[in-house]
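J.: Before anything else, here's the structure in question.
The values are calculated or read from the model by the stated rules, or taken from the named source; none is laboratory data. Please read all numbers here as calculations on a predicted model, not as lab measurements. Neighbour counts are summed over all protein chains in view; Cβ atoms, including those assigned to glycine, are modelled from backbone coordinates with ideal geometry. Areas reflect the complete protein model, heavy atoms only, side chains present, ligands, DNA and RNA absent. Shrake-Rupley method; radii C 1.70, N 1.55, O 1.52, S 1.80 Å.
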Amino acid sequence: MFSTKTIELKSLKEIGLMREAGAIVAATLKVLSQAAVPGVTTAELDRISREELKKRGAKPAFLGYHGFPAALCVSLNSEVVHGIPSEKRAIKDGDLVSLDFGCIVGGLYGDAAVTVGAGKISASAQRLLDVTRESLAKGIEQIRVGGRLGDVSSAVQTYVEKNGFSVVRDFVGHGIGRALHEDPPVPNYGKAGTGLRLSPGLVLAIEPMVNAGGCEVETRDDGWTAVTKDGSLSAHFEHTIALMETGAEILTI
Ligand code: MG
């Protein structure tokens, strides 16, 4: 299904730069997670993300990407991904806040996402958040030399569905390196033992998007914001992971 010809394995030097980019993404998401409290606008979070990048000498990965107008994606509650920060949008108590952020260091990209609760969130929202984060860990466990891409996809899907939630099909994880989105696509659903064989130098962004209800999503009139079709809550976690000779290394921590 996947051609290895289009998959660029990264050198140790390239992975070194991606490690730097990943550390900056992780540090920024940590600051943003603490800043995402009731009353703060999503535009303020975008400003904070740009300041963090400036401080650390990195460039935003999302700003201007296919015309995206911000450095940060902020998606609330039933919004799945690609929410556009706005001055008019203040975070409310009980909101689920998905923060997706990327940066560029020396021409190489890092990409990660977290979902946090603002103020006090419901027990069901907390469970969705926990299962999504855990499903990412299940996927990462499958990244090993000689494994298959389908092992990763299947591990995420199996864990999510076992817990009564659904994985989004319309958006998937991806290879990453000198571009934000490279081959191979990494679906959050699939069959173990199938797909690309994983080899050292492969760098992937694994990103389960998990809905409390059905897996269907639609795009709002702004042309970006993806929302659940049934209005149910959605959560999103992502890491950039390099496969080294010795095993998987999470670059965005
Ligand atoms: Mg991504």
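J.: Would you work out the relative contact order for the chain, in percent, from Cα pairs under 8 angstrom that are 6 or more residues apart?
T.: Numbers: 665 pairs, mean separation 59.2, N = 253.
Relative contact order, the chain: 23 percent.
J.: Hey, how many Å between the Cα centroid of the stretch 136-205 and the Cα centroid of the stretch 1-56?
T.: Cα centres, the stretch 136-205 to the stretch 1-56: 19 Å.
J.: Something else about it: What order do 93, 221 take when sorted by accessible area (1.4 Å probe), most exposed first?
T.: Details: 93 105, 221 165 Å².
Per-residue accessible area, sorted high to low, gives 221, 93.
J.: Using the 2.2 N^0.38 Å rule of thumb for compact globular proteins, work out how the stretch 8-250 stacks up: its C-alpha Rg over that value, please. Walk me through the intermediate numbers first.
T.: On the way: Rg = 16.8 Å, N = 243, 2.2 N^0.38 = 17.7 Å.
Cα-based Rg divided by the globular estimate yields 0.95.
J.: Note down the magnitude of the dipole of the chain about its Cα centre, charges +1 on Lys and Arg C-beta and -1 on Asp and Glu C-beta and zero elsewhere, to the nearest 20 debye. Could the numbers behind the result be given before it?
T.: Working: 27 positive and 30 negative charges, 89 e Å.
In total the dipole reaches around 420 debye.
J.: Still on this structure, please answer the following. Below 19 Å, Cα to Cα, which lysines can residue 191 reach? Residues fewer than 8 away in the same chain don't count.
T.: Straight-distance partners of residue 191: 138, 162.
J.: Next question, about the same structure. Roll a 1.4 Å probe over the protein heavy atoms and report the accessible area of residue 249 in Å², nearest 10.
T.: 50
J.: What accessible area, in Å² to the nearest ten, does a 1.4 Å probe give for residue 32?
T.: 0
J.: Then there's this: Per residue of the chain, what 222 nm ellipticity follows from adding -39500 (n - 2.57) for every DSSP H run with n ≥ 4, rounded to the nearest 500? Present the calculation step by step, with values, prior to reporting the outcome.
T.: On the way: 4 runs with 72 residues, N = 253.
Result for the chain, helices only: -9500 deg cm²/dmol.
J.: What FRET efficiency comes out for residue 244 versus residue 47 if R0 is 30 angstrom and r is the Cβ-Cβ distance? Round to the nearest 0.05. Provide the component values of the computation, followed by the final result.
T.: Numbers: r = 36 Å, r/R0 = 1.19.
It comes out at approximately 0.25.
J.: Let me ask something else about it. If you roll a 1.4 Å probe over the chain with all protein chains in place, what percent of the accessible area is carbon or sulfur?
T.: On the chain, the fraction of accessible area on carbon and sulfur atoms equals 53 percent.
J.: Another question, then. Which ³J(HN,Hα) values, rounded to whole Hz and listed in residue order, are derived for the stretch 75-80 from phi using the Karplus coefficients 6.51, -1.76 and 1.60 in 6.51 cos²θ - 1.76 cosθ + 1.60 with θ = phi - 60°, glycine and proline given as x?
T.: Karplus values, whole Hz, x for Gly and Pro: 10, 9, 6, 7, 7, 8.
J.: If I take R0 = 22 Å and measure r between the Cβ atoms of residue 30 and residue 124 in this structure, what FRET efficiency does the formula 1/(1 + (r/R0)^6) give, to the nearest 0.05? Mind dumping the intermediate values first?
T.: Working: r = 26 Å, r/R0 = 1.16.
Computed FRET efficiency for residue 30 and residue 124 comes out at 0.30.
J.: Need one value: the accessible area of residue 19 in square angstrom, 1.4 angstrom probe, rounded to the nearest 10.
T.: Residue 19 exposes around 90 Å² with every protein chain in place.
J.: Let me ask something else. Per residue, how much accessible surface does the chain expose to a 1.4 Å probe? Answer in Å², no decimals. Numbers along the way, then the final one.
T.: Details: 10740 Å² over 253 residues.
I get 42 Å² per residue for the chain.
J.: Turning to a different aspect of this structure: Using 0.36 nm per residue, how much length does the chain from residue 66 to residue 92 gain when fully extended, once their Cα-Cα distance is taken away? All intermediate terms of the calculation are to be shown ahead of the outcome.
T.: Working: separation 26, 0.36 × 26 = 9.36 nm, distance 2.95 nm.
Length gained between residue 66 and residue 92: 6.4 nm.
J.: Straight distance only, please: which lysines reach the Cα of residue 55 with their own Cα at less than 20 Å, same-chain residues fewer than 8 apart left out?
T.: Of all the lysines, those that pass the test against residue 55 - Cα under 20 Å, at least 8 places apart if same chain - are 30.
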